[in-house]
Amino acid sequence: MSERDHLVVRQASKRYGATTVLDRVDLSIRRGELVTLLGPSGCGKTTLLRLIAGLALPDTGSVSIAGRDVTRVPPHKRNVGVVFQNYALFPHLSVAGNVAFGLNVRRRPKAEVRAAVEKALALVHLGHLAERPISALSGGQQQRVALARALAVEPDVLLFDEALSALDRKLREEMQGEMRRMLRDIDATAIFVTHDQDEALTMSDRVAVMNGGRIEQLAEPRLIYERPASLFTLNFVGLSTRIPGTVVSEDNGTVEVDTPVGRLVATGGFIPGSRVIVATRPEHLRPATGDEGNAVNGRVRSIVFQGSRSLVEVGAGGETLLAELPGQEAAHLAPDAEIRLGWPVRETFAFPAPELSTPELAA
Amino acid sequence: MINRLATLFAWAMAIGAALFLLAPLIVIAAASFSPTPVFDLPVDGASLRWYTRIGQMDGFWPALSLSLQLAAFSTLLALVLGTLAAIAIAQGRLPGAEAIGTFLVSPLMMPGLVLGIALLQYFRMVGFNAAWSALLLAHLVVTLPYVARTMIAGLSRFDFTLVEAARTLGCTYPGAILKVMVPALAPSFLTAGLFSFLASFDNYPVSIFLTDVRTKTLPIKMLQYIEEAPDPTLAALSTCILAATVVLLIASDRLVGLHRMAGTGQ
Ligand SMILES: Nc1ncnc2c1ncn2[C@@H]1O[C@H](COP(=O)(O)OP(=O)(O)OP(=O)(O)O)[C@@H](O)[C@H]1O
Ligand SMILES: [Mg+2]
């Protein structure tokens, strides 16, 4: 077994009735890695997590954990820890009782259970609340108890289903950092499910962007943002400018594209005549000085002040360009002002245009 | 100002209502200590003589035994059947689950008299005339709605992901049900059992149609006494029943908390 393969999901599919919820998903995670499943509601994140935990069975494909094929193994024999979205803490047990649950089920000696519970509660900084009833905890504290309960049995893999989404924004951001540190300390292998892109980008070593039951891209957060592999990833993570056009020439990994805002150059390989979407991230757009690869004339539509930076929307040829400018560069701009924006070719991507938006080419 | 007036008014109403509800009970309890054979307040000296007379009332022990048996058995049966039905309904995969739930609970809304006559007719029609069994069935009809209603409410608040959590922590499926679902529902079981037991124990209108000369439940017997010989023995008996009920409620409260039973807690 290689280091890469602590958790391996291979070609897993799952259907409920006529809908295919997971479509031949491949996922492979190293020991000690934190991976996020990011995707819109209904894309199959929870279902994939349930397959890994054994709470649902795949129709085809396999799951293996720590070198053992567990595809048909029931959840209680998988040694997987799950932190549920609503925490699913047992209301009839105290904090310590919840954390001890998995160990008691395993019939560990009393002294060992007590030591493990103390250790797990200390890790989540809740040692002082061990005897509290669950109903007397705040949301953040319940979240930690759920984590401690999952950690106490020393699972091979930890699964988090939107574990932070019930917390308010400030607490959520605190917990993101804290949880990342805790999981690092114990060298846990974990999968987070979320539809919050900030959470995905800050917490994980790699992000798997899911769409319609498939993993569209599995890469480090920086790459997901800077080098999106598909239009879906580009749209789902971060802001962008997107302009449709037709390829006129291709040369060594770059294409020239005719668009409503003029001719643009982008990286990508397409045969001339292809319908594409040309895209770039807002921080690459600057008031043009003349030596950028791409430049467009337009008129300022709106300016959204965001502290150290401003988000400027520029209209050009019926399309919208989105530029994120540092404070002083945006300070002298006013709505309706003429502006020329430029950006480098290497930050310009071309994606195949979705078929539905180009019905005139269907024939 | 208006607010304070409203609060005062609400308090006054609440206290008034409580007094109005409790006054008869207090009067009965006081009268049971009366030294004279009329329902009197014990102003000059209390006496326990009526309490010693309870056991000597004609046919008291068989009636008490019958009522306790009916209450215990019908509650037990109702708990099993009602819980199973509630699980099926709460899991929600049953077509028309809502309608079935409403149907199960509907005898609660039916006047006891109607139920009694209907059952009498029905048992006659099918030729069923064993008084004890007929009474048990009738009491099951009376108690099942209490259990079904409480268990449906309890289960609809039960979070089935608790069972999944227990399974990922190492429980088998039946183990998870036993370790997580049953304790989480303990307050519902207790409430359901308590209401069901009391509903059966003091049922009069349904039982009256199904008793025969030898098989009479306690409430029926008590009404008979009061017609024949109205002395404070009945007050003493009522006070005993009242005290037993209060003890039962306090014990349940200690066990799970009345607010959880009444469903007013979180
Ligand atoms: N038990 C089930 N029976 C039928 N359909 C199901 C079942 N579980 C999930 N689905 C369907 O599968 C799809 C994916 O569900 P899933 O819960 O995995 O989505 P998700 O990505 O976790 O979404 P969310 O972000 O809203 O939690 C949904 O369309 C859902 O309706
Ligand atoms: Mg989900």
Filter pass, A:Ala96 being more than 16 Å from ligand 1 (Cβ to nearest atom), buried (at least 17 other Cβ atoms within 10 Å of the Cβ) and part of a helix (DSSP H, G or I): yes
Scope the range A:99-129; condition within 14 Å of chain B (Cβ to nearest Cβ) and either in a helix (DSSP H, G or I) or among the aliphatic types (A, V, I, L, M) (or both); matching residues: A:Val99, A:Ala100, A:Phe101, A:Gly102, A:Leu103, A:Asn104, A:Val105, A:Val113, A:Ala116, A:Val117, A:Ala120
Residue ID - nearest to the other protein chains (Cβ to nearest Cβ), chosen from residues in the range B:129-154 that are buried (at least 21 other Cβ atoms within 10 Å of the Cβ) and under 30 Å from A:Val82 (Cα atoms): B:Gly154
Residue count for the range A:68-88, restricted to those that are touching a Leu at 6+ places or on another chain (Cβ under 8 Å) and facing another protein chain (nearest Cβ under 10 Å): 7
Long-range neighbours under 6 Å by Cβ, at least six apart or interchain, first residue on the phi > 0 side of the Ramachandran plot and within 16 Å of ligand 2 (Cβ to nearest atom) within the range A:150-178, second open to solvent by 30 Å² or more (accessible area, probe 1.4 Å) and not basic (Lys, Arg): A:Glu162/A:Gln85
Matching residues in the range B:167-183 - criterion: being in a helix (DSSP H, G or I), within 7 Å of another protein chain (Cβ to nearest Cβ) and crowded, with 16+ Cβ neighbours inside 10 Å: B:Arg167, B:Thr168, B:Val180
Members of the range A:267-294 found to be open to solvent by 30 Å² or more (accessible area, probe 1.4 Å), under 16 Å from A:Ile243 (Cα atoms) and assigned to a strand (DSSP E or B), listed by number: A:Thr267, A:Arg275
Selection count, the range A:161-200, where residues are within 16 Å of ligand 1 (Cβ to nearest atom) and outside any helix (DSSP H, G or I): 12
Residue satisfying condition, being within 30 Å of B:Leu234 (Cβ to Cβ), of a type outside the set (Ser, Thr, Tyr) and open to solvent by less than 50 Å² (accessible area, probe 1.4 Å), within set B:Ala29, B:Ala97, B:Ala88, B:Ala46: B:Ala29
Pick from the range A:25-67, criterion within 14 Å of chain B (Cβ to nearest Cβ) and among the polar types (S, T, N, Q), ranking: nearest to A:Asp161 (Cα to Cα): A:Thr46
Residue match in the range B:234-249 (condition: part of a loop (DSSP other than H, G, I, E, B), surrounded by 13 or more Cβ atoms within 10 Å (Cβ to Cβ), at pLDDT 85 or above and away from chain A (no Cβ under 14 Å)): no
Condition met for A:Val247 (within 16 Å of ligand 2 (Cβ to nearest atom) and buried (at least 18 other Cβ atoms within 10 Å of the Cβ)): no
Verdict on A:Glu216 being away from every other protein chain (no Cβ under 14 Å), of a type outside the set (Ser, Thr, Tyr), within 16 Å of ligand 1 (Cβ to nearest atom) and under 14 Å from A:Lys45 (Cα atoms): yes
Selection status of B:Val163, in a helix (DSSP H, G or I) and buried (at least 22 other Cβ atoms within 10 Å of the Cβ): no
Subset of the range A:39-62 [under 17 Å from A:Thr189 (Cα atoms), within 12 Å of ligand 2 (Cβ to nearest atom) and in contact (Cβ under 8 Å) with a residue 24 or more places away in the chain]: A:Leu48, A:Leu49
Residues of the range A:321-342 classified as within 14 Å of A:Gln306 (Cα to Cα) and surrounded by fewer than 16 Cβ atoms within 10 Å (Cβ to Cβ), total: 5
Any hit, the range A:9-29, residues being within 14 Å of ligand 1 (Cβ to nearest atom), over 26 Å from the mean Cα position of the chain (by Cα) and either more than 26 Å from A:Val237 (Cβ to Cβ) or at pLDDT 90 or above (or both): yes
Test: residue in the range A:33-45 that is of a type outside the set (A, V, I, L, M, F, W, C) and over 20 Å from A:Thr194 (Cβ atoms): no
Matching residues in the range A:111-149 - criterion: being among the basic types (Lys, Arg), free of Cβ contacts under 8 Å to residues at least 40 places away in the same chain and buried (at least 22 other Cβ atoms within 10 Å of the Cβ): A:Arg144
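Filter the range B:49-67 down to residues that are among the aromatic types (Phe, Trp, Tyr), open to solvent by 100 Å² or more (accessible area, probe 1.4 Å) and within 17 Å of B:Pro230 (Cβ to Cβ), then give me how many there are.
Residues in the range B:49-67 being among the aromatic types (Phe, Trp, Tyr), open to solvent by 100 Å² or more (accessible area, probe 1.4 Å) and within 17 Å of B:Pro230 (Cβ to Cβ): 0 in total.
The values are calculated or read from the model by the stated rules, or taken from the named source; none is laboratory data. In this text, all values refer to a predicted model and were calculated from it rather than measured experimentally. We place every Cβ from the backbone using ideal geometry, glycine too, and count neighbours over all the protein chains shown. Heavy atoms of the whole protein, side chains included, go into the accessibility calculation; ligands, DNA and RNA do not. Shrake-Rupley method; radii C 1.70, N 1.55, O 1.52, S 1.80 Å.
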